[in-house]
Amino acid sequence: MLKRLRHFLRAREGLAAVEFGLIAPVLVTMLLGTIEVCNALQCHTKVTELASTAADLVAQETSVSATDMNNIFDATTSLLYPFADNNAKIIVTSILSDGNGGGKVGWSVGHNTTGHTAGQPIVIPTNLMDKTSCAANACSVILAEVTYSYTSPLGKFIVGTVNMADIFYAHPRKSTTVSYTG
């Protein structure tokens with residue numbers, strides 16, 4: 001029995017096949033993991049791009065209507081391609097200065113979700129609408145909030161759904177505020 005064990009330990013035929021058999025699952029897992037991470041990063045980049053584009057498109061106008069907002073939502077959700085655009089929830093909000101560096105909701109429109117309530121106070125970053133730049137409360141900012149439920153085609157059984165979110169602020173360009181005619 002000892003003789004057979006020594007013979008087995010000295011044998012080198014098929015060693016490469018055994019090593020490959022042990023290493024192959026690790027390599028395949030690393031390859032699929034790399035693909036998963038790249039897809040998730042690409043999706044997160046698109047979510048960020050969607051938020052900045054939505055805020056920017058509204059900030060370029062002096063007034064938007066419900067039809068304009070639907071067109072903006074259609075245009076921005078197309079940026080998510082090749083990912084499913086029906087998972088995107090977008091809220092575009094006009095935040096008016098409260099005169100103390102804070103803000104309140106002027107109007108808010110949601111896509112696949114509901115917007116914020118008009119008149120509701122809303123927390124904004126410090127100095128976004130400070131007293132010097134908002135004389136007599138005559139300034140505003142456009143906020144775009146995007147949430148996206150990302151489900152990877154390869155990892156939906158292992159990882160599940162990953163929620164991604166981003167926000168973007170833009171100052172109106174042509175006027176102090178952007179009005180909404182719903």
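The values are calculated or read from the model by the stated rules, or taken from the named source; none is laboratory data. Just so it is clear, the model here is predicted, and its values are computed rather than measured. Please note: Cβ atoms are built from the backbone with ideal geometry, for glycine as well, and neighbour counts cover all protein chains shown. For the accessible areas, the whole protein counts, side chains as well, though only heavy atoms, and no ligand, DNA or RNA atoms are used. Shrake-Rupley method; radii C 1.70, N 1.55, O 1.52, S 1.80 Å.
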Defining a contact as two alpha carbons under 8 Å apart and six or more residues distant in sequence, what relative contact order in percent does the chain show? 27
Determine the order of Glu36, Glu19 by accessible area, beginning with the largest, at a probe radius of 1.4 Å. Glu19, Glu36
Could you check the simple spin-label distance between Gln120 and Arg4, using points 7 Å along Cα→Cβ, in nm with one decimal? 7.6
Probe radius 1.4 Å, ligands and nucleic acids ignored: give me the carbon and sulfur share of the accessible area of the chain as a rounded percent. 60
If r is the Cβ-Cβ distance from Thr45 to Thr176 and R0 is 45 Å, what FRET efficiency results, to the nearest 0.05? 0.90
Which helices pass in the chain if a helix is a full DSSP H run, must span at least 27 angstrom along its long axis by Cα, and must have mean Kyte-Doolittle hydropathy not below 0.5? 15-59
If each Cα of segment 23-182 is one equal point scatterer, what is log10 of I(q)/I(0) from the Debye formula at q = 0.11, 0.18, 0.19 Å⁻¹? -0.50, -1.01, -1.09
Give me the distance in nm between label points sitting 7 Å out from Cα along the Cα-to-Cβ direction at Ser65 and Val26, one decimal. 6.4
Quick check for you: with a 1.4 Å probe and neighbouring chains kept, what is the accessible area per residue of the chain, in Å²? 61
